[in-house]
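Derivation of every value follows stated rules applied to the coordinates shown; laboratory data play no part. None of these values were measured; they are calculated from a predicted model. A quick note on method: Cβ atoms are made from the backbone with ideal geometry, for glycine too, and the neighbour counts reach across all protein chains shown.
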Amino acid sequence: MDGDPGCFVLTAGALNQAKFALSGLVVDTQRMAANLAISRGLIVAEAVMMGLAPALGRQDAHDVVYDACRLANEKGLTLADALSEDSRVITRIDRAEIERLTSPENYLGLAPQMVDRVLAGRR
């Protein structure tokens, strides 16, 4: 495959199609927030576990989040509400911290820096 011009032609075509597909992309932040809310915080369960580990220990954090996810699914609760019902959690962190841990907006990774780089490149 080294030096095969067909690979370059196919890659260029794929990039052109991706550019075309993304050119009409419209970001609907309200719809995105609603979609994230559908999971009731369960989408960030792993991140919550890692956030609780310093306060509870890694294994206990795993068990607590597992139990909270099960409770949230059984009762239709948010992950924050399920965690708030657990004495292992509320004796160590307050509701504000639980809300912070279960908010998907806090788990953007490097996305803001990537967006800033792309926007800076367009100026």
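Connecting C-alpha atoms closer than 10 Å in a GNM of the chain, tell me which of Gly109, Gly57, Gly76 has the biggest fluctuation.
In this elastic network of the chain, the residue with the biggest mean-square fluctuation among Gly109, Gly57, Gly76 is Gly109.
About its Cα centre, how strong a charge dipole does the stretch 39-106 have in debye, to the nearest 20, once Lys and Arg get +1 and Asp and Glu get -1 at the Cβ?
Details: 8 positive and 12 negative charges, 7 e Å.
Charge dipole of the stretch 39-106: 40 debye, to the nearest 20.
Size of the dipole of the chain about the Cα centre, Lys and Arg at +1 and Asp and Glu at -1 on the beta carbon, nothing else charged, in debye to 20? Don't skip to the answer; put the middle values down first.
Numbers: 13 positive and 16 negative charges, 91 e Å.
So the magnitude is around 440 debye.
Report the label-to-label distance for Glu85 and Ala33 in nanometres (one decimal), using points 7 Å from each Cα along the Cα→Cβ vector.
Placing both labels 7 Å along Cα→Cβ, they lie 2.7 nm apart.
In degrees from 0 to 90, rounded to the nearest 10, what is the angle of the helix 111-122 Cα long axis to the longest principal axis of the chain?
30
Based on the mean of other Cβ atoms within 10 Å per residue, sort peptides 26-35, 45-54 so the most packed one is first.
45-54, 26-35
Give me the log10 of I(q) over I(0) for the stretch 44-94 at q = 0.26 Å⁻¹, as the Debye formula computes it from C-alpha points; what are the numbers?
Cα-only, vacuum Debye calculation for the stretch 44-94: -0.96.
Going toward the positive end of the dipole of the chain, with +1 on Lys and Arg Cβ and -1 on Asp and Glu Cβ, which of Met114, Leu36, His62 do you reach last?
Working it through, the farthest residue towards the positive pole turns out to be Met114.
Based on a Kirkwood Rh over C-alpha pairs, give the Stokes-Einstein translational diffusion coefficient of the chain at 10 °C and viscosity 1.306 mPa s in µm²/s.
90
Taking just the alpha-carbon atoms of the stretch 15-73, what radius of gyration and Dmax come out, in angstrom?
Computed over the Cα atoms of the stretch 15-73, radius of gyration and Dmax are 17.6, 49 Å.
Got a sec? Charge dipole of the chain, +1 on Cβ for Lys and Arg, -1 for Asp and Glu; which of Ser23, Leu71, Ser84 is way out at the positive end?
Ser23
Using only Cα atoms, find the angle between the long axis of helix 45-56 and the longest principal axis of the chain, and express it within 0 to 90 degrees, rounded to the nearest 10.
50
From the helices alone, meaning DSSP H stretches of at least four residues, give me the mean residue ellipticity at 222 nm for the chain, per-run term -39500 (n - 2.57), in deg cm²/dmol to the nearest 500.
Numbers: 8 runs with 88 residues, N = 123.
Roughly -21500 deg cm²/dmol at 222 nm, from the helical runs in the chain.
How would you order 101-108, 64-71 from highest to lowest mean count of nearby Cβ atoms within 10 Å?
64-71, 101-108
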